[in-house]
Amino acid sequence: MEVRHTKGFRTARENLHDLVDEDSFLEYGQLAVAAQRNRRDYQDLQANTAADGIITGTCTINANQFGKEATRAVVVVNDYSVLAGTQGYFHHKKLDRACELAAELKLPVIMYTEGGGGRPGDADVVTRIAGLNLRSFSSWAGLAGKVPRIAVANGYCFAGSAALFGCADFTIATRKSFIGMAGPAMIEGGGLGSFAPGEIGPVEVQEKNGVIDIVAEDEAHATRLAQQLLAYFQGQARDWSVVDQAVLREVIPQDRRWAYSVHKVIETIADEGTFLELQHRYGRSVITGFIRLEGRPAGLLANDCQQLGGAIDSESAGKAARFLKVCNTFGLPVVSLTDTPGFMVGPDSESEAAVRRMSELFLAGAALKVPMVAIILRKGYGLGAMAMTGGSFANPVYTASWPAGEFGGMGLEGAVRLGYKKELEAVSDPAERETLFNKLVARMYEAGKATEAAAHLEIDAVIDPADTRAVLINALCR
């Protein structure tokens with residue numbers, strides 16, 4: 001315990017007790033020790049390999065908010081103080097048992113994954129060659145699409161532990177985490193060089209590449225985030241509050257070229273304090289996360305015009321598609337706040353497999369069985385806008401626009417340059433050409449503004465921004 005506290009870390013059981021509801025934990029396999037009886041004294045094993053380095057059991061989490069029946073869960077906590085969190089014979093048997101319980105009882109799982117990979121010192125197991133016929137990884141991965149799985153990393157999370165972390169539906173990691181598919185010994189053994197543990201998969205790297213969904217300050221913060229994240233899948237909150245919705249009327253700048261904070265829009269529309277963003281530093285032109293509306297949980301998809309002007313690149317398309325699949329799997333309705341000039345295009349974009357990755361967003365939208373409500377905040381252009389609304393403006397149960405909405409098969413400026421190329425080239429004076437260009441853009445804006453789109457039934461309505469929350473609630477309560 002002293003070693004852990006000196007590092008600023010908590011023990012495995014401190015994390016466990018902070019996570020679960022008081023007196024609700026039912027432990028499995030507490031008396032297990034490492035399979036090393038033929039090389040170590042049993043009392044030594046009891047003292048130094050308690051529970052074989054993994055705590056497993058069932059419990060309730062958030063029962064005071066949603067009741068006991070809706071909050072049952074399975075918890076797995078890897079104990080780094082036991083043989084550096086390595087995975088031994090009985091360790092795997094306990095993990096297998098936990099996964100079986102989750103599948104049989106249909107319970108969500110929260111797993112703390114600090115630790116390393118396989119443990120070569122379990123000499124009691126004499127009928128094994130490589131041990132690659134164990135079921136832990138396939139059992140954990142096999143829970144995908146059946147129950148929500150949340151992984152929490154802190155400290156070193158290498159090899160088998162990293163594989164478990166990466167298989168989860170949601171990943172939380174503290175700022176002192178290092179996550180890699182191999183630790184220093186395996187990397188050096190493979191002839192790839194010598195590295196210190198702190199050089200492998202730091203948070204700064206794994207957050208930017210999308211491996212980590214949420215970065216926590218420390219284990220206490222990570223535990224609170226895990227509780228909050230799990231709560232979105234446990235039901236409707238009884239208590240909620242909301243801020244003044246009138247501020248939404250002032251969010252969109254009068255100059256259509258200026259950006260604004262879509263985070264402010266989200267936090268205003270949602271129940272106060274309920275927005276939880278995923279992958280904040282990855283695929284940044286699309287925001288994904290969870291909100292509540294009058295206590296009801298929902299998925300949130302939004303373009304961020306402060307990043308790439310809201311254009312959807314390969315990273316953000318893949319991020320959005322993955323998020324839609326999760327919402328669909330676990331029955332959460334989706335709110336889409338759309339403001340995009342379309343997909344990011346050009347040779348650099350194509351080098352990132354744009355065709356395949358952007359198309360995934362259409363596939364995810366077409367597969368949606370949960371309701372989606374789309375609100376066009378400003379720009380609704382081309383394939384990108386369609387992808388943000390489930391593949392078509394006709395797919396959401398309700399598609400509305402703020403008065404600032406503007407629509408077209410592609411961005412206005414690009415449409416003018418392409419459609420009026422000859423007319424523009426015919427004007428030799430640069431100032432006159434610019435005047436003509438602006439006039440043509442203004443004409444197209446008038447033709448494609450929100451009221452025209454609504455009049456032609458391409459969207460369902462144009463709404464007062466201050467009514468957005470009420471519209472979402474009414475549409476999703478059908």
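Data overview
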| item | result |
| --- | --- |
| G365 being part of a helix (DSSP H, G or I) and over 27 Å from T268 (Cα atoms) | no |
| Residues of region 215-258 satisfying the condition of being hydroxyl-bearing (S, T, Y) and in contact (Cβ under 8 Å) with a residue 60 or more places away in the chain | T223, Y232 |
| Looking only at region 119-173, and only at residues there that are modelled with pLDDT under 95 and basic (K, R), the one that is surrounded by the fewest Cβ atoms within 10 Å (Cβ to Cβ) | R128 |
| Close pairs from region 184-196: first without any contact (Cβ under 8 Å) to a residue 40 or more places away in the chain and surrounded by 14 or more Cβ atoms within 10 Å (Cβ to Cβ), partner part of a helix (DSSP H, G or I) and of a type in the set (V, I, T), Cβ under 7 Å, at least 6 apart | F195/I187 |
| Conditions (1) in contact with a helix residue (DSSP H, G or I) (Cβ under 9 Å, 6 or more places away or on another chain); (2) within 16 Å of E114 (Cβ to Cβ); number of the one not met by L16 | (1) |
| Wholly within region 370-447, strands (runs of 3 or more DSSP E) carrying at least 2 residues that are of a type in the set (V, I, T), surrounded by 18 or more Cβ atoms within 10 Å (Cβ to Cβ) and modelled with pLDDT of 80 or more | 372-381 |
| Given (1) closer than 15 Å to T58 by Cα; (2) in contact with a Gly (Cβ under 9 Å, 6 or more places away or on another chain); (3) basic (K, R), number of the condition K7 does not satisfy | (1) |
| Filter result for the condition that a residue is over 25 Å from I463 (Cα atoms), charged (D, E, K, R) and touching a strand residue (DSSP E or B) at 6+ places or on another chain (Cβ under 9 Å), over K319, K325, K369 | K319 |
| Single residue of region 1-12 satisfying the filter (assigned to a helix (DSSP H, G or I) and over 27 Å from the mean Cα position of the chain (by Cα)) that is nearest to I110 (Cα to Cα) | R4 |
| Subset of region 84-101 [of a type outside the set (D, E, K, R), touching a strand residue (DSSP E or B) at 6+ places or on another chain (Cβ under 9 Å) and surrounded by fewer than 24 Cβ atoms within 10 Å (Cβ to Cβ)] | A84, F90, H92, L101 |
| Residues of region 67-83 satisfying the condition of being buried (at least 22 other Cβ atoms within 10 Å of the Cβ) and among the acidic types (D, E) | D79 |
| Search result, residues across region 265-288 that are surrounded by 22 or more Cβ atoms within 10 Å (Cβ to Cβ) and at positive phi | Q279, G283 |
| Within region 247-264, considering residues that are surrounded by fewer than 18 Cβ atoms within 10 Å (Cβ to Cβ) and among the hydrophobic types (A, V, I, L, M, F, W, C), the one farthest from V20 (Cα to Cα) | W258 |
| Hits in region 205-246 - residues which are among the acidic types (D, E) and buried (at least 20 other Cβ atoms within 10 Å of the Cβ) | E207, D213, E219 |
| Pairs with Cβ under 6 Å, 6+ apart, first in region 43-70 and within 24 Å of L31 (Cβ to Cβ), second aromatic (F, W, Y) | D52/F90; T56/Y28; G57/F25; G57/Y28; C59/F25 |
| Region 23-66 - residue that is part of a loop (DSSP other than H, G, I, E, B) and more than 39 Å from the chain's Cα centre (by Cα) and, of those, surrounded by the fewest Cβ atoms within 10 Å (Cβ to Cβ) | N38 |
| Output for region 454-466, where each listed residue is out of contact with any Leu (no Cβ under 9 Å at 6 or more places or on another chain) and either part of a helix (DSSP H, G or I) or of a type in the set (D, E) (or both) | A454, A455, E458, D460 |
| Region 86-114, residues that are closer than 23 Å to Y42 by Cα and not polar (S, T, N, Q) | G88, Y89, F90, H91, H92, K93, K94, L95 |
| Elements of type strands (runs of 3 or more DSSP E) contained in region 90-179, each with 1 or more residues being without any contact (Cβ under 8 Å) to a residue 60 or more places away in the chain, of a type outside the set (A, V, I, L, M) and under 15 Å from D213 (Cα atoms) | 149-153, 170-174 |
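Matching residues to (1) touching a Gly at 6+ places or on another chain (Cβ under 8 Å); (2) touching a residue at least 60 places away in the same chain (Cβ under 8 Å); (3) among the hydroxyl-bearing types (S, T, Y):
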residue	(1), (2), (3)
K421	no, no, no
D429	no, no, no
E432	no, no, no
T435	no, no, yes
A442	no, no, no
E446	no, no, no
E452	no, no, no
V471	no, yes, no
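The values are calculated or read from the model by the stated rules, or taken from the named source; none is laboratory data. Since this is a predicted model, take the numbers as computed values, not measurements. So basically every Cβ, Gly included, is an ideal-geometry build from the backbone, and we count neighbours across all protein chains shown.
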